[in-house]
1. Can you say whether B:THR61 is modelled with pLDDT under 90, under 25 Å from B:PRO35 (Cα atoms) and at the interface with chain A (Cβ under 9 Å from one of its Cβ atoms), as far as the supplied structure shows?
2. Does B:THR55 satisfy the condition of being of a type in the set (S, T, N, Q), touching a residue at least 60 places away in the same chain (Cβ under 8 Å), within 30 Å of B:VAL143 (Cα to Cα) and in contact with a strand residue (DSSP E or B) (Cβ under 8 Å, 6 or more places away or on another chain)?
3. Within the stretch B:238-251, count every residue that is closer than 18 Å to B:PRO44 by Cα and in contact (Cβ under 8 Å) with a residue 12 or more places away in the chain.
4. Please go through the stretch A:171-213 and pick out each residue that is within 23 Å of the chain's Cα centre (by Cα) and assigned to a loop (DSSP other than H, G, I, E, B).
5. Which residues, counting only those in the stretch B:227-259, are in a helix (DSSP H, G or I) and within 27 Å of B:LEU201 (Cα to Cα)?
6. Just one of the numbered conditions (1) touching a strand residue (DSSP E or B) at 6+ places or on another chain (Cβ under 7 Å); (2) surrounded by fewer than 20 Cβ atoms within 10 Å (Cβ to Cβ); (3) not aliphatic (A, V, I, L, M) is not true of B:PRO246; which one?
7. For the structure I just gave you, tell me whether A:ILE217 is within 13 Å of chain B (Cβ to nearest Cβ), buried (at least 20 other Cβ atoms within 10 Å of the Cβ) and part of a helix (DSSP H, G or I).
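The values are calculated or read from the model by the stated rules, or taken from the named source; none is laboratory data. This structure is a prediction, so every number in the text was calculated from the model and none was measured. Methodologically, a virtual Cβ is constructed for each residue, glycine included, from the backbone with ideal geometry; neighbour enumeration extends over all protein chains shown.
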Amino acid sequence: MTQIDAKRGLDTVAERPTRPAGAVDFGALPVVRSKHWVRWILGALVVFVVAQLVWTLFTNAGYGWPTVAKYFFSDAILRGLGMTLTLTVVAGAIGFAIGSLLALMRLSKSPLLNAFAWSFIWFFRSVPLLVQILVWFNLGYLYPTIGLGIPFTTDYFVEAQTVTLVSAFAAAVLGLSLNQAAYSAEIIRGGILSVDAGQLEAAAALGIPQARRITRIILPQAARSIIPNAFNEIIGLLKGTSIISVIALAELFYVSQVIYNRNQQVIPLLLVAVLWYMILTTVLSIAQFYVERYYSRGSARVLPPTPIQRAKAWISVQWNRLEDEPSKKAEASA
Amino acid sequence: MTITLEKQGHVEIRDVSKSYNGVEVLSGVSLTLEPGEVVTILGPSGSGKSTLLRTINHLETVDGGWVAIDGELIGYEHRHGKLYELKERKVLRRRTQVGMVFQSFNLFPHLTAIENIVEAPIALKRLNRADARELALGLLEKVGLADKADSYPRQLSGGQQQRVAIARALALQPKVLLFDEPTSALDPELVGEVLDVIRELAGLGTTLVIVTHEIGFAREVSDRVVFIDRGVVLEQGSPAEVLGAPQHPRTREFLATVL
């Protein structure tokens, strides 16, 4: 810091114009930056705490890193991971599809559709997800058989046992996707409401058909406010699948539980699950950045640079500085 | 390519009335616009002039009366002595005979200038993508923005955005063009460029209906000026008559405040 200040002083001494005695040329004076003592102290404190934690990561044998490494890519864990991903993708897709429909129903002029969608959202947001999943899994107690027949009678053409129809996987998908539908409906509705009414009017005035108005004009604009919340939801869903362990479906968390119940390595196996969740969340967060960037076209005059572009720019700045430095020094001494 | 505008666009507005929550905005307005005529609607704010404009393309439904373009009712169909409400699809088809330019431009911000223009012709399957682009480039040139085809609306000035919006409205080759205060949202120095474009459209055969506060411009381009207040047409005639020698005291009052 002081070096630069000194240099600044040197550089400007040469250019300083002759002035009448007594007058001060403020532009030529070196600038002393103010010092942020509190910021420095708190910063040091934070560095200390983090360093201490990192140190325990390496020294505390309880973490059991060798065990973590042993199980991280084990078949059982990878199969569980596959199930977690399947549940996330399937429940996410169904959830957002139903959610879009519910959002449109909520915005429709039909009071009946509106009331239905409102009640759906109200119900699935009211009942805890854990309870929903248990109810779906135990639906057989309530409706022993499910069939197609004459409405409001028990004369069936086709009939099946609920227990065979609603497997653990089906119960998981039903619970997660219907719950997801209720939340995503509100997110999508909020996004649509955030689009200026003039947009719909302009599209209508141009005679653009209704379906295309929604898909081509409204949703791409609504996406800007939907995307951040939607990624929140998907990440929540990804980790939320761990709740499925209550019905003994072999997803990531359940599998690690089974393993640590057998070998008593609780923390290492929880770490395996946690690290996988962190990796998947990281991938989703990166995807979010690029998806958001795509939908922000037109809203900013210039798109923000991607991290890679930013890194390239930083490197080129540093490189130029390195190349300039020796020549400047030469000038200063001359 | 040349843009041909058909010499059609006879607009019949008959006894149109409209209320919002019990407040009457239009009360029995009747107006006939000849094909190719340039009509300016003047009136104080809240007089119902924008609402009247919006009934012409059925963005606003009417409570009573009717609007017809070249003998076709807007929003309804006349069969066996009854008026049937038109299905969405037919409303849209009739609506494409009427172009509209909004006060706040309402360009689609996520689409470039040219994408804004080609959207409707492609959506309505009137043109394939290549022909639509050619038409759009011609229209952009017409409004003096050929070099801005790939700019997003945010990257354009207000005047440029409104010129793109006019090109977008022209892309369907409407019989009638509605302008809802096209220069009210613009900085003063940008008003001229938009008025220049509208001036060029006058006399090309399209019926133009312009709601504006630019009295000087109204005097210059209009075949007829209509003064409307509290949902009623108080006075209409040539610019010289209505602006030069207004008969109704409210017209005189209004002109005194804006001139």
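1. Considered against the rule, which asks whether it is modelled with pLDDT under 90, under 25 Å from B:PRO35 (Cα atoms) and at the interface with chain A (Cβ under 9 Å from one of its Cβ atoms), B:THR61 comes out as no.
2. Considered against the rule, which asks whether it is of a type in the set (S, T, N, Q), touching a residue at least 60 places away in the same chain (Cβ under 8 Å), within 30 Å of B:VAL143 (Cα to Cα) and in contact with a strand residue (DSSP E or B) (Cβ under 8 Å, 6 or more places away or on another chain), B:THR55 comes out as no.
3. So the answer is 8.
4. A:SER194, A:VAL195
5. Listed by number, the residues that qualify are B:PRO239, B:ALA240, B:GLU241, B:VAL242, B:LEU243, B:GLY244, B:LEU255, B:VAL258.
6. Going through the list (1) touching a strand residue (DSSP E or B) at 6+ places or on another chain (Cβ under 7 Å); (2) surrounded by fewer than 20 Cβ atoms within 10 Å (Cβ to Cβ); (3) not aliphatic (A, V, I, L, M), B:PRO246 breaks only (2).
7. yes
Quick grid of which residues meet (1) surrounded by 10 or more Cβ atoms within 10 Å (Cβ to Cβ); (2) under 30 Å from A:THR281 (Cβ atoms); (3) at pLDDT 95 or above:
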position	(1), (2), (3)
A:THR2	no, no, no
A:ARG8	yes, no, no
A:VAL32	no, no, no
A:GLY64	yes, yes, no
